[in-house]
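Heads up, the thing below is written out as structure tokens.
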Amino acid sequence: MELIDKMLAGDRLSLARVISFIEDRGEHLRKLVDEIYPKTGNAFVLGITGPPGAGKSTVTDKLVAEIRRTGKRVAVIAIDPSSPFSGGAILGDRIRMQQHSGDPGVYIRSLGTRGKHGGLSQSSKEVVMALDAAGFDWIIVETAGVGQTELDVLKLGHAVCVVLVPESGDSIQVMKAGLMEIADLFVVNKCDRPEADKLVKELVNMIGMAHDDAAKWNIPVIQTQALFNQGVGELFTQVQAYRDFAHKHGTIERKRAAFIEEEILEIIWSKMSRDVRRKMAESNGQKLLAKVLEKKATPYEAARKSQYLSKKL
Ligand SMILES: Nc1nc2c(ncn2[C@@H]2O[C@H](COP(=O)(O)OP(=O)(O)O)[C@@H](O)[C@H]2O)c(=O)[nH]1
Ligand SMILES: [Mg+2]
């Protein structure tokens, strides 16, 4: 496909079009992903999450500068499932990102709920594949850790960095939000504010409780003041250390396998769900529905009578 060839050759407009195709989940999608997939496997994917306002975008922005100093290419996807309501934040991000505009080694894109609902985790996986194929060495996925969709999206990362701030409250919240399980690195940002030490101590305690196995990665707690460019160099050093550790211990390969398995399952689920809905809308499905409405059958009986539960499953 000419579009893919141009994207692989570094044409940014083609990359943008490919990403839009993926977001729109249109008819060319399958051919597109078929061509992209064989070219993937080089990029390291870093998820950055944390509560809104913690400084994820500011940290990302400074991290991009650190990565560029090593000469590597970096792409950022900002995932914002609530995009219609966060115009202000997006504007702020745009202004921040302008310092990287014109740098061919940096590509920044935000993904919203465009296209079908529930397709965000699949879309973001395929966007990551496209960016990987397009030759970006680092892919940063920024998402607010507030819901299941966001947690699903983070599964596509090779490493997850959780950004917290002193005022984000008790570290118990971190455990409640399921962030403790997915964090490979913690950042306590806005360390210029009081109470930062307290949060750092709480996190260190929590990590100590969760991991006492020496063969496991020691989750670091990095203190930053991203706005003032303090501590982000150390963060980058730790991210690289994690990447080396993960390569050495086969973690990357395991995560890659899980990522691809999830992609296959999502393709199957969406095809099956389309098929089942179509069958349901046809006359046999509607007859079953009528029976249930007339109380001649229960929903479970109807499901078992459908070809999907009686034969195929
Ligand atoms: N005081 C202080 N403010 C910061 C720091 N880092 C980011 N901010 C500010 O916090 C606000 C939210 O930052 P942003 O990166 O958009 O947060 P996000 O919602 O997590 O992406 C912005 O006004 C930033 O300028 C910091 O280290 N100290
Ligand atoms: Mg942000």
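The values are calculated or read from the model by the stated rules, or taken from the named source; none is laboratory data. Please read these numbers as outputs of a predicted model, since none were measured by experiment. In this analysis, Cβ positions are derived from the backbone assuming ideal geometry, glycine residues included, and neighbour counts consider all displayed protein chains.
Restricted to the stretch 1-53, and to residues that are among the acidic types (D, E) and assigned to a helix (DSSP H, G or I), which residue is surrounded by the most Cβ atoms within 10 Å (Cβ to Cβ)? The residue in question is E23.
If you go through the stretch 151-173 and keep only what is modelled with pLDDT under 80 and surrounded by fewer than 24 Cβ atoms within 10 Å (Cβ to Cβ), you end up with L151, D152, E167, S168, G169, D170, S171, I172, Q173. For the stretch 275-293, check the following and say yes or no: at least one residue is surrounded by 14 or more Cβ atoms within 10 Å (Cβ to Cβ), touching a Leu at 6+ places or on another chain (Cβ under 8 Å) and either not hydroxyl-bearing (S, T, Y) or not assigned by TED's automatic domain parsing to the domain that holds F44 (or both). Yes, the stretch 275-293 contains at least one residue that is surrounded by 14 or more Cβ atoms within 10 Å (Cβ to Cβ), touching a Leu at 6+ places or on another chain (Cβ under 8 Å) and either not hydroxyl-bearing (S, T, Y) or not assigned by TED's automatic domain parsing to the domain that holds F44 (or both). Among helices (runs of 4 or more DSSP H) entirely within the stretch 206-313, having at least 1 residues that are at pLDDT 90 or above and basic (K, R) singles out 232-248, 251-281, 283-293. If you take the residues of the stretch 131-150 that are in contact with a helix residue (DSSP H, G or I) (Cβ under 8 Å, 6 or more places away or on another chain) and of a type in the set (S, T, N, Q), which of them is surrounded by the most Cβ atoms within 10 Å (Cβ to Cβ)? Looking at the filtered set, the residue picked out is T143.
Being in contact with a helix residue (DSSP H, G or I) (Cβ under 7 Å, 6 or more places away or on another chain), at pLDDT 90 or above and within 26 Å of V45 (Cβ to Cβ) is a property that holds for V188. When P299 is tested against (1) touching a helix residue (DSSP H, G or I) at 6+ places or on another chain (Cβ under 8 Å); (2) surrounded by 11 or more Cβ atoms within 10 Å (Cβ to Cβ), only condition (2) is not met.
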